[in-house]
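Let me begin by presenting the structure, written as structure tokens, before commenting on it.
The values are calculated or read from the model by the stated rules, or taken from the named source; none is laboratory data. Being a predicted model, the structure only gives us computed values, none of them experimental. Neighbour counts are summed over all protein chains in view; Cβ atoms, including those assigned to glycine, are modelled from backbone coordinates with ideal geometry. Just so you know, the surface numbers come from the protein's heavy atoms only, side chains and all, with ligands and any DNA or RNA stripped out. Shrake-Rupley method; radii C 1.70, N 1.55, O 1.52, S 1.80 Å.
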There are 2 protein chains.
Amino acid sequence: MTTVTCIAPVNIATLKYWGKRDEHLILPLNDSISATLSTDQMHAKTTIMASPDFTKDRIWLNGKEESFSNQRLLTCINEIKRRATLGEKGDEKDSKSNWKVHICSENNFPTAAGLASSAAGYACLVYCLGKVFGVEGDLSSVARLGSGSACRSVLGGFVRWHKGDKDDGSDSHASQVVPASHWPNLKVLILVVSDNRKKVSSTSGMQQSVKTSELLKHRVEHIVPKRTELFIKAIESRNFNTFAELTMKDSNQFHSVCLDTYPPAVYMNDISHAIVEFVHCYNKSKGTNKVAYTFDAGPNACLFLQEEDVGEVVSLIEQAFPPLDNAKDYIRGLEVKRPKAQNDLAVPSGPHESGLLKYIIHTKIGEGPQVLTGHNVHLLNKEGLPKSL
Amino acid sequence: MTTVTCIAPVNIATLKYWGKRDEHLILPLNDSISATLSTDQMHAKTTIMASPDFTKDRIWLNGKEESFSNQRLLTCINEIKRRATLGEKGDEKDSKSNWKVHICSENNFPTAAGLASSAAGYACLVYCLGKVFGVEGDLSSVARLGSGSACRSVLGGFVRWHKGDKDDGSDSHASQVVPASHWPNLKVLILVVSDNRKKVSSTSGMQQSVKTSELLKHRVEHIVPKRTELFIKAIESRNFNTFAELTMKDSNQFHSVCLDTYPPAVYMNDISHAIVEFVHCYNKSKGTNKVAYTFDAGPNACLFLQEEDVGEVVSLIEQAFPPLDNAKDYIRGLEVKRPKAQNDLAVPSGPHESGLLKYIIHTKIGEGPQVLTGHNVHLLNKEGLPKSL
């Protein structure tokens, strides 16, 4: 019997992935670049137990048992087991790869945060499976089969997902641009926006974009290749002003393509656009880009900024987007060092009505998945059932 | 002394104009197509009095005297006077073109409607000036010098503004695609949306787009030329389904380009997007396009639909977007024939909270500018001063 528990990070794309060239193998139309966020604030956690005594594969997600017949889940497990048996000799009947597994996974952040929980979840699953079955080497292309952007969560720092050119997808994998330690003063604020609209899933949204948006074709062919190189230069040289401009432009262009889709896919709302306006006004008042926004397929903002600006920016956000009177833990995560005279700051836009933001998470760039050791780390008990049940 | 009073229509672009190739001459980057709306519901009205006794040029807009030093106003007047004197012989000192003018203009629709009042206003001004000074021939290129889209308001029906290729702009004028009588059952609903954001002016928004949006370049060079031909075919053949799809796609692409602008120019709001969703859900339920939306540089929707569908669509809009309890005249303009069992209709999306729409104007495609005759049509009294003062 083998039991392994891992955690894996969330990642936020600064150069966006939108559109697949192969739906089944999850191969993207363009390269993308993301920042891996620290697992201290947000992570998926997965325990996998493999045993010759288990009679069937089972999986529990966020406390609830789910069907194991999910095709993407099966694809990931089968690929890991295939790789595990590549080097094996002798009697295959005794091979560990015939063992059934129990999988238990949960996120430590609410799904309401609208953060790509599937990316952290599949990265964690695949990393953990690799440890259980002793698979070495790059696992990003396996994680990609679970959820495209999951391939970027198997590495820390800034990560590039190469679209690859081959039909079998073997060259569509992630590589590290720089480690987390490269840019230590880069911080991140996640602004969780109040929203109750039903949303277009990103899978179906990007399918529609590929089918109907001529602007997406132009973006993929002519804009992203140049922008990829500019991003890498800005990150390598820690040029925040340029990095911020590229990040904001690419977020806007991604949502622009969504709007050029027929019918349009709309992910940002009025609150998102008020945050955009806040950031541009603030940067203008500073004469340089001090903050960059980026929005995924949802209304929440992810802001990048430098450590020395966090206190002032958080104070201004609280004034421009005041919490409801009864809001608990409006600022979460890393400590925020407030400026001394925070009430004397000039609020760049707003103030808006209270309650437009639910809460704010302060975090930073972090490492890739890790194995947890020590007492009591597992989500499954000795019988292979969730401790939470 | 000469006194002439004219009215001129609003126009709504279905193929959008966005971006100038010459700021001074107001030459567009691409052709555009618009529908001229009936002056019965919405128009600008202008009285111009020219007299050898006036000592200076004066202008009153919506009841308030304005400076005559507005460059675009001067450009239009000088161009009309230049054309008026082209055929003249003899003593220029006695020429009418040396007379000073008093101009009084007003719109019969609130500026809150966010409709392009400058288009109707400049079309009316130029048409009226032409009558006063006896200038014949196409005046669209003069109206263009006042406000680009005004050139499309000098004609009725569907109108095409040819971008032209010449540097001097002499081939950038409007022509009629079909007269208003060509598609008599085509109706229009203007949905006036509640909004209190400050807006990016369309002049500065399009300047920024030209500077910063690569997607605009692609649109202008590769998409609009094809779409222009498709639009003309759909209009000529009265193919509503195709006309609707082209109209919605072009509206979306225009706002997509605005979002790809840096900083982004955002004109639609959450209510606008709720209307978009309503239209797509309704069309889906009907299995064909029964309604088309288009949005200019503001949050208000302009819907095109066929006469036989107006009653049902208006009833559904009222249910999906209910008025405030104290709303007066929620539906304005042409009579709406309600379906008998309007409460049994399936509302395609919503219902939303009350008060998202201020009111709705029901109108149709109409004629170009007209001279008003008869008693009491003038906005100026015999002394050349506004009657309203």
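Observations on the structure shown:
- Residue in segment A:161-183 that is in contact with a Pro (Cβ under 8 Å, 6 or more places away or on another chain) and over 17 Å from A:R21 (Cβ atoms) present: no
- Of the residues examined, A:A274 is not one that is open to solvent by less than 30 Å² (accessible area, probe 1.4 Å) and more than 9 Å from every other protein chain (Cβ to nearest Cβ).
- Residues in segment A:166-193 that are among the hydroxyl-bearing types (S, T, Y) and open to solvent by 40 Å² or more (accessible area, probe 1.4 Å): A:S170, A:S181.
- Segment B:280-289, residues that are touching a helix residue (DSSP H, G or I) at 6+ places or on another chain (Cβ under 8 Å), in a helix (DSSP H, G or I) and more than 10 Å from chain A (Cβ to nearest Cβ): B:Y282
- Restricting attention to segment A:2-47, the residues being on the phi < 0 side of the Ramachandran plot and not in a strand (DSSP E or B) number 15.
- Selection from segment A:231-254 of residues that are touching a residue at least 40 places away in the same chain (Cβ under 8 Å), more than 25 Å from B:S256 (Cβ to Cβ) and in contact with a Lys or Arg (Cβ under 9 Å, 6 or more places away or on another chain): A:I232, A:F240, A:N241
- Among the candidates B:V276, B:V257, B:V266, residue that is part of a loop (DSSP other than H, G, I, E, B), under 21 Å from the mean Cα position of the chain (by Cα) and touching a residue at least 12 places away in the same chain (Cβ under 8 Å): B:V266
- You will find that of A:M248, A:M268, the residue that is within 9 Å of chain B (Cβ to nearest Cβ) and within 18 Å of A:K199 (Cβ to Cβ) is A:M268 and no other.
- Flag if A:G311 is free of Cβ contacts under 8 Å to residues at least 60 places away in the same chain and not β-branched (V, I, T): yes
Yes or no, residue by residue, for (1) more than 9 Å from chain B (Cβ to nearest Cβ); (2) open to solvent by 40 Å² or more (accessible area, probe 1.4 Å):
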site: A:F243; (1), (2): yes, no
site: A:S256; (1), (2): no, no
site: A:F278; (1), (2): yes, no
site: A:V291; (1), (2): yes, no
site: A:P299; (1), (2): yes, no
site: A:V313; (1), (2): yes, no
site: A:N326; (1), (2): yes, yes
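- Within segment B:223-241, the set of residues being polar (S, T, N, Q) and open to solvent by less than 10 Å² (accessible area, probe 1.4 Å) comprises just one member, B:T228.
- Selected residue (criterion: most open to solvent (accessible area, probe 1.4 Å)) from residues of segment B:70-106 that are among the hydroxyl-bearing types (S, T, Y) and at pLDDT below 95: B:T85
- Residue within segment A:166-179 that is of a type in the set (D, E, K, R), touching a residue at least 40 places away in the same chain (Cβ under 8 Å) and farther than 22 Å from A:A297 by Cα present: yes
- Among the residues of segment A:29-40, those identified as surrounded by fewer than 24 Cβ atoms within 10 Å (Cβ to Cβ) and either modelled with pLDDT under 95 or within 13 Å of A:H162 (Cβ to Cβ) (or both) are A:L29, A:N30, A:D31.
- B:S204 being open to solvent by 10 Å² or more (accessible area, probe 1.4 Å) and closer than 30 Å to A:I271 by Cα: yes
- Qualifying residue in segment A:137-150 (condition: on the phi > 0 side of the Ramachandran plot and either open to solvent by 60 Å² or more (accessible area, probe 1.4 Å) or of a type in the set (F, W, Y) (or both)): yes
- Residue under evaluation B:T212, criteria (1) open to solvent by less than 10 Å² (accessible area, probe 1.4 Å); (2) β-branched (V, I, T); (3) within 11 Å of chain A (Cβ to nearest Cβ), criterion not met: (1)
- Of everything in segment B:350-389 that is within 21 Å of B:C6 (Cβ to Cβ), touching a residue at least 40 places away in the same chain (Cβ under 8 Å) and charged (D, E, K, R), the residue that is most open to solvent (accessible area, probe 1.4 Å) is B:E367.
- Unmet criterion (only one of (1) over 21 Å from the mean Cα position of the chain (by Cα); (2) within 12 Å of another protein chain (Cβ to nearest Cβ)) for B:E229: (2)
- Some residue of segment B:329-349 being among the aromatic types (F, W, Y), out of contact with any Lys or Arg (no Cβ under 6 Å at 6 or more places or on another chain) and surrounded by 21 or more Cβ atoms within 10 Å (Cβ to Cβ): no
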